[in-house]
Amino acid sequence: MKNKNIKMILIFLIPVTILYTFFFIYPLGFVLATSMTKWNGISAMEFVKLDNYIKLLTDETFLLSIKNNVIWALSGGFIQIPLATLVALILARKPRGWKTLRTIYFLPNIISAVAIAMMWKAIYNPMYGFLNAFLGLFGSEGHNWLGEINTALPAIIAQAVLYIGYFMIIILAATTTIPKSYYEAAEIDGCSTLQQEWYITLPMIRGILITTMTLAMAYGMRHFEATFLMTNGGPAHSTSVMGLILYHKMDAFRLGEANATGTILIFLGTVVIVFIRKLLTRSDAGSDSVQ
Amino acid sequence: MKTLLNIFKWIILVFFLFVALYPLIWLLLASFKSSNLELQQNPFGFPDQWMFINYYNAMVKAKLPSLFFNSIIVALFAVTVNLIVASMTSFVISRENFKGKNIVFTIIIAGILLPIIAFMVPYFSIIQKFKIYDSLLALIVVYSAINIPISVFLLTSFMESIPVELEEAATIDGANFVQRFTKVIIPLSQTGLATAGTFCFIYAWNEFIMALLLTSSESSRTLQLGIRFFTSQFVTDYTAMYAAIVITIIPSIIIYFLFHNRIISGLTAGAVKG
């Protein structure tokens, strides 16, 4: 079918083509292509084959950063999402004030990462912070939460994982698509609330749970801001992540290495999205056939 | 069993209420306290004296008014450019049929999944090539572009729900292609535009990394960059620093309480579609 408006359609697509090409397609190609060069942004690029990748993958700090990103991803997928699901299931039964609660739970998500990071830095402050003052009430000794190797990574992850609002709202929305009659039937058959959630709600929102887990893990792989602002990777690189390595390489004008880091970041992010989705969807199909 | 479950339910709900709100309240109270000493001696309670002077200090020392102005300009223009481009795109995708339509849509939406931080180097070099490094224009262009995928996603699904009959009636009355867009679809898409615009505004208002990367001078500094810089200025005076952070949070909270229904329905639209 030929559309008689095709000329106008193409004209309407010009702006998006320009912006999308410059800020998505070209950068993607650019990052991949220059990841095999030695380049400082001023002198000519020099093709170095896989040297940048070899350098990165034999660098202990980089490997530690990948590990930290994986910890972020797992915390997102297996702590944040279950918590968000728990709260969504509770709110789905519309307890008193559920709409207000939903609005408040989401509130931190609209505040900037900078403000949130500075706020938590204040809370974790060893001298003036809330957390040590609170623990002091129980006679517990304080910590320099962001300054000690054992506590720094958990401290940054904890503040991020506890903000469940974003995923909770998506999961809550999915529960509204489940027909009420399912619960009525289950009620008549004598199913308890917990049984209803386990046998009706969770299987019915399986799709969105897989999507949100995938998203949370993908966000974990690209995590950068809070760490940059709260510890800048320290102490002793213990909180470093790939995005931070990229930033520091760029800051030092090692642009080829920065883009090799970017390529690995994009690659691992895509692996998480595609692979985790496949894995979860397949185990779903398995459980279907068992039933 | 039932009461036990009920108690458990409220413990969970109150715990997350606490997590979401208490840090903000604590920060707000701390921002009014008189000194670091009071923070230490009176960590939880109300300030002995409400020190509004902290806010004055934050405003003056951190030059908040000019940072505020820059952030507003960047956010408003980014939203405008983003909505114009995204609505034109969504209009042809949702209301017209042409070859390759689905491919165009899929490619644009795939942009949501790309980690933008991996693009630090290319964005920097593009902005330098355009000779707009260290200007508000650089941030406007980048922010409006980064939000194209999400806006097209939201607007396309919104425009698809507008009945065809309205457009047909307009065509019979002699409306041409552009008029169908400006006189029929745009006025009917106000809710969708508000949702996409709110997402874009919050993004542009809160964005930090690209602002750090693409600007250097004080004249093009945004509020988020400002907070980072004045944390180093205020090492001896935490209370004024907290006041400055509170000031930057306030606009986000106002926008949220005005538009939270749109934000939530925007997220919900994505969830129901899968």
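Per-structure values
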| item | result |
| --- | --- |
| Residue in segment B:145-164 that is in contact with a helix residue (DSSP H, G or I) (Cβ under 7 Å, 6 or more places away or on another chain), under 25 Å from B:Leu114 (Cα atoms), at pLDDT below 90 and within 11 Å of chain A (Cβ to nearest Cβ) present | no |
| Helices (runs of 4 or more DSSP H) wholly inside segment A:193-291 containing at least 1 residues that are touching a helix residue (DSSP H, G or I) at 6+ places or on another chain (Cβ under 9 Å) and modelled with pLDDT of 90 or more | A:193-196, A:206-221, A:225-230, A:242-251, A:255-271 |
| Qualifying position, being touching a residue at least 12 places away in the same chain (Cβ under 8 Å) and not small (Gly, Ala, Ser), among A:Leu19, A:Leu32, A:Leu13 | A:Leu32 |
| Number of the exception - A:Tyr219 against (1) over 30 Å from A:Ala122 (Cα atoms); (2) surrounded by fewer than 24 Cβ atoms within 10 Å (Cβ to Cβ) | (1) |
| Some residue of segment B:165-186 being under 30 Å from A:Leu107 (Cα atoms) and at pLDDT 90 or above | yes |
| Meets criteria (away from chain A (no Cβ under 12 Å) and touching a Phe, Trp or Tyr at 6+ places or on another chain (Cβ under 6 Å)) for B:Gly192 | yes |
| Segments classed as helices (runs of 4 or more DSSP H), wholly inside segment B:122-176, with at least 2 members that are within 30 Å of A:Thr263 (Cα to Cα) | B:136-146, B:148-160 |
| Hey, A:Arg93 of a type in the set (Lys, Arg), more than 25 Å from the chain's Cα centre (by Cα) and either more than 11 Å from every other protein chain (Cβ to nearest Cβ) or closer than 17 Å to B:Trp10 by Cα (or both) or not | yes |
| Meets criteria (in a helix (DSSP H, G or I), more than 8 Å from every other protein chain (Cβ to nearest Cβ) and at pLDDT below 90) for A:Gly136 | yes |
| Of residues in segment A:108-127 being in contact (Cβ under 8 Å) with a residue 40 or more places away in the chain, closer than 19 Å to A:Glu148 by Cα and aliphatic (A, V, I, L, M), the one farthest from the other protein chains (Cβ to nearest Cβ) | A:Ala117 |
| Selection from segment B:211-223 of residues that are surrounded by fewer than 23 Cβ atoms within 10 Å (Cβ to Cβ) and within 11 Å of chain A (Cβ to nearest Cβ) | B:Leu212, B:Leu213 |
| Segment B:170-210, subset in contact with a Lys or Arg (Cβ under 8 Å, 6 or more places away or on another chain) and within 16 Å of B:Thr89 (Cα to Cα), residue surrounded by the fewest Cβ atoms within 10 Å (Cβ to Cβ) | B:Arg180 |
| Residue within segment A:114-126 that is modelled with pLDDT under 90 and farther than 14 Å from A:Met230 by Cα present | no |
| Condition broken by A:Asn232, with the remaining ones in (1) under 29 Å from A:Ile66 (Cβ atoms); (2) polar (S, T, N, Q); (3) touching a residue at least 60 places away in the same chain (Cβ under 8 Å) satisfied | (3) |
| Wholly within segment B:17-119, helices (runs of 4 or more DSSP H) carrying at least 3 residues that are under 19 Å from A:Met118 (Cβ atoms), more than 22 Å from the chain's Cα centre (by Cα) and more than 7 Å from every other protein chain (Cβ to nearest Cβ) | B:53-61 |
| Condition met for B:Asn6 (of a type outside the set (Lys, Arg), out of contact with any strand residue (DSSP E or B) (no Cβ under 6 Å at 6 or more places or on another chain) and surrounded by fewer than 19 Cβ atoms within 10 Å (Cβ to Cβ)) | yes |
| Tally, over segment A:153-192, of residues that are part of a loop (DSSP other than H, G, I, E, B), more than 10 Å from every other protein chain (Cβ to nearest Cβ) and touching a residue at least 24 places away in the same chain (Cβ under 8 Å) | 1 |
| Qualifying positions in segment A:47-57 - without any contact (Cβ under 8 Å) to a residue 40 or more places away in the chain and either out of contact with any Leu (no Cβ under 9 Å at 6 or more places or on another chain) or under 29 Å from B:Ile108 (Cβ atoms) (or both) | A:Phe47, A:Lys49, A:Leu50, A:Asp51, A:Ile54 |
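Table: residues versus (1) surrounded by 16 or more Cβ atoms within 10 Å (Cβ to Cβ); (2) in contact with a strand residue (DSSP E or B) (Cβ under 8 Å, 6 or more places away or on another chain).
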position	(1), (2)
A:Phe47	no, yes
A:Thr58	no, no
A:Lys67	no, no
A:Ile79	yes, no
A:Pro82	no, no
A:Val87	yes, no
A:Ile90	yes, no
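The rows are residues; the columns are (1) more than 30 Å from A:Pro154 (Cα to Cα); (2) in contact with a helix residue (DSSP H, G or I) (Cβ under 7 Å, 6 or more places away or on another chain); (3) part of a loop (DSSP other than H, G, I, E, B).
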residue: A:Ile25; (1), (2), (3): yes, no, no
residue: A:Phe62; (1), (2), (3): no, yes, no
residue: A:Lys67; (1), (2), (3): no, no, no
residue: A:Ser75; (1), (2), (3): no, yes, no
residue: A:Ile79; (1), (2), (3): no, yes, no
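The values are calculated or read from the model by the stated rules, or taken from the named source; none is laboratory data. Given the structure is predicted, the values throughout are model-derived calculations rather than measurements. Counting neighbours? That spans all protein chains shown, and the Cβs are built from the backbone with ideal geometry, glycine included.
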